[in-house]
Amino acid sequence: MKTAARALILLLALPLSACGTLGSPVTTTLGVTGVRLPETVAPTAPLEIAIDLVHANCEYSGERVILSSRTQNTLTLKTEVTRTTPGAVCPAVVTYGTLTYTDPGTPARVGPFEVIVDGKSWGKVSVR
């Protein structure tokens with residue numbers, strides 16, 4: 001009887017042991033909901049880009065915008081966030097935020113100047 005009781009306790013405790021096997025931190029893209037650009041910009045003036053985002057997870061940290069490439073007529077950015085404990089059980093929390101990126105204006109832009117974030121074109125800015 002003792003052996004059967006021990007086996008039952010171990011069997012019931014087995015699912016709880018999965019809590020110690022959460023995944024290692026991983027990097028993923030953010031949920032971009034919009035990108036705000038000015039209508040015009042001077043060829044070498046700083047250009048501020050606002051990236052609106054949403055994510056629904058409590059295990060994110062370190063939201064960031066990374067420059068992928070920059071030419072005279074295109075700026076390509078990538079958003080990233082670190083999932084600190086993939087597989088963790090979290091409350092249903094939706095978070096909205098805005099990240100900004102400022103393009104310094106070098107090399108000098110030629111128009112129209114296209115802004116791409118996470119592989120999607122979000123618009124073009126007239127260069128004057």
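Observations on the model:
- When segment 1-26 is limited to residues that are assigned to a loop (DSSP other than H, G, I, E, B) and among the hydrophobic types (A, V, I, L, M, F, W, C), the one that is modelled with the highest pLDDT turns out to be Leu22.
- Pick from segment 82-97, criterion closer than 17 Å to Leu30 by Cβ and surrounded by 13 or more Cβ atoms within 10 Å (Cβ to Cβ), ranking: modelled with the lowest pLDDT: Pro86
- Spans of strands (runs of 3 or more DSSP E) in segment 27-75 with at least 1 residues loosely packed, with under 15 Cβ neighbours inside 10 Å and modelled with pLDDT under 90: 47-55, 60-70
The values are calculated or read from the model by the stated rules, or taken from the named source; none is laboratory data. Given the structure is predicted, the values throughout are model-derived calculations rather than measurements. Neighbour counts run over all protein chains shown; Cβ positions are idealised from the backbone, glycine included.
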